[in-house]
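Just so you know, all these numbers are worked out from the coordinates, no wet-lab data involved. Fair warning: this is a prediction, and the values are worked out from it, not measured in the lab. Cβ atoms come from the backbone with ideal geometry, glycine included; neighbour counts cover every protein chain shown.
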Amino acid sequence: MTTTSSESPATGVPAGSSLDGVSGDDSAMRAWAEQLVARAREEGVELTGDSGLLTALVRRVLQTGLEVEMTDHLGYERHAVDGRGSGNNRNGSYPKTVTTDIGKVELRVPRDRNASFEPVTVRKGQRRLDGLSGQVISLYAKGMSTGDIQSHLLEIYGTEISRDTISRITDAVLEDMQSWQSRPLDRLYPVLLIDAITVKIRDGQVANRPVYVAMGVNLEGHRDVLGMWVGPTGGEGAKFWMSVLTELRNRGIADVLIVCCDGLKGLPDAIRATWPQADVQLCVVHLIRSSLRFSSKKYWGPLCRDMREIYTAPTLEAAEARFADFALDWEQRYPAMIDTWRRSWAEFVPFLAFPIELRTIVYTTNAVESLNARFRRAVRHRSHFPNEQAALKVLYLVATDKKPGRSNPVGQILGWKTILNALTIHYSDRISNLNGQ
């Protein structure tokens, strides 16, 4: 395609337009756009797509932005004599592909010798440029189906987009999700919280499938989701948890100090088989729920008050004394409830050895419960998911989404230094041994 002297030779952008660095009026930009479309039609060239004219334009703009950023970072132009001896200089480039609304764009990201260049035009690790794709992915993460998103975009923005296109856009997160799910993990996690949520998935027929969720707290006090796995029908099971825990160990977790879980039969044995020294902490909230299943609602108030006296006891001895009183008051009326407490006692008491700051983290899986609540909000608008991959895409987007200005299930734990001191005193040898390796 030939160009005139009033156009940029690389893109055909009219000189003096806003894309050429000089502000132009709307009529000039409109005329240029019409000219670009007309030429594309005449020459049989696509506007969008990997080899489209607009894609080439976006490539040029992004590449220029990266080069300008590098010049600003170094403080001198390419090949400039006064740049010699500055202490840092250009060091080639590396290829990168970013996905945009109009196609994939191939770029060459410049490098500097000191590796201190942090581009803004296309950030490190960024594989997509937000726009329509960003809106689609955001709506998908909120639990909207492809049909719902299609109707929403048409109604609000007047944009008509096919369901297949929406599916392809959301599929762009699959590569990130797979990398996230298989990423290496730390050798030691002071706290691991595990729980499961049920979602409806079609696999021949619609069925309830458990999604196993593991959340870890590292030595820096950062809480993060370590992975999610869709299990077979039939409900949560210790056997599948064993495979999950084995995968976490294979991804690098050599030891866990405390594992907080529900009262699923066989789960403590699966945990100890994976990390023999781990303390298994039964979630107090799950224990209370199990207890209340055996009682009439009219007694829930006094029962909860009595149970609270047990799990807020200052020492193990005080908790044992309060449980003895609790059993004396309620065993005749609800013997199965008291038996549940006796069978769970060994996994219930470990947190009583810790100060209050640490107790609030390990005595309940509330952090996972909070994440599960977000999962439920995202899936409640769907009758079911067509397959496992569709379910995991939504849950992954929810798990990795941090809402600004709000409390998030993942992120830094407040007052972590106090908690770390308590953990170090209690588990000094195990922490120092793994840190030294």
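Test of understanding: ordering CYS260, CYS304 by Cβ neighbours within 10 Å, fewest first, what list do you get? Write out the running numbers ahead of the final one.
Numbers: CYS260 29, CYS304 13.
Least crowded to most crowded, the residues run CYS304, CYS260.
What's the extension gain from SER428 to ASP148 if we count 0.36 nm per residue and subtract their Cα-Cα distance?
Contour length minus the Cα-Cα distance gives 95.5 nm.
Please give the FRET efficiency for HIS381 paired with TRP180, using the beta carbon to beta carbon distance and R0 = 30 Å, rounded to the nearest 0.05.
The formula returns an efficiency of 0.80 here.
Calculate the FRET efficiency for ALA353 and ASP164 from the Cβ-Cβ distance with a Förster distance of 56 Å, rounded to the nearest 0.05.
Here the calculated transfer efficiency is 0.50.
Please give me the summed charge of the neighbours of VAL230: other residues whose Cβ is under 10 Å from its Cβ, Lys and Arg +1, Asp and Glu -1.
-1
Test of understanding: what is the full-extension gain from ARG251 to ASN114, defined as 0.36 nm times their sequence separation minus their Cα-Cα distance?
46.2 nm is the gain from fully extending ARG251 to ASN114.
What percent of all Cα-Cα pairs in region 329-428 falls in each 5 Å bin, counting up from 0?
Spelled out per bin, shortest first, that is 2, 9, 14, 14, 13, 12, 13, 13, 8, 2, 0.
Provide HIS79, HIS384 in ascending order of the number of other Cβ atoms located within 10 Å of each residue's Cβ, fewest first.
HIS79, HIS384
Test of understanding: express the Cα radius of gyration of region 186-429 as a ratio to 2.2 N^0.38 Å, with N the residue count. All intermediate terms of the calculation are to be shown ahead of the outcome.
Working: Rg = 18.7 Å, N = 244, 2.2 N^0.38 = 17.8 Å.
Here the Cα radius of gyration is 1.05 times the empirical estimate.
When the dipole is taken about the Cα centre of region 358-403, and only Lys, Arg (+1) and Asp, Glu (-1) are charged at their Cβ, what size is it in debye, to the nearest 20?
200
Grab the beta carbon distance between LEU328 and TYR299, set R0 = 22 Å, and tell me the FRET efficiency rounded to 0.05.
0.90
Among GLU77, GLU236, what is the fewest-to-most ranking by other Cβ atoms within 10 Å? Please report the intermediate quantities before stating the final value.
On the way: GLU77 11, GLU236 17.
The order, fewest Cβ neighbours first, is GLU77, GLU236.
Got a sec? Which residues in region 92-123 would a label at GLN389 touch, if it sits 7 Å along Cα→Cβ and we count backbone N under 20 Å?
Answer for region 92-123: 99-100, 104.
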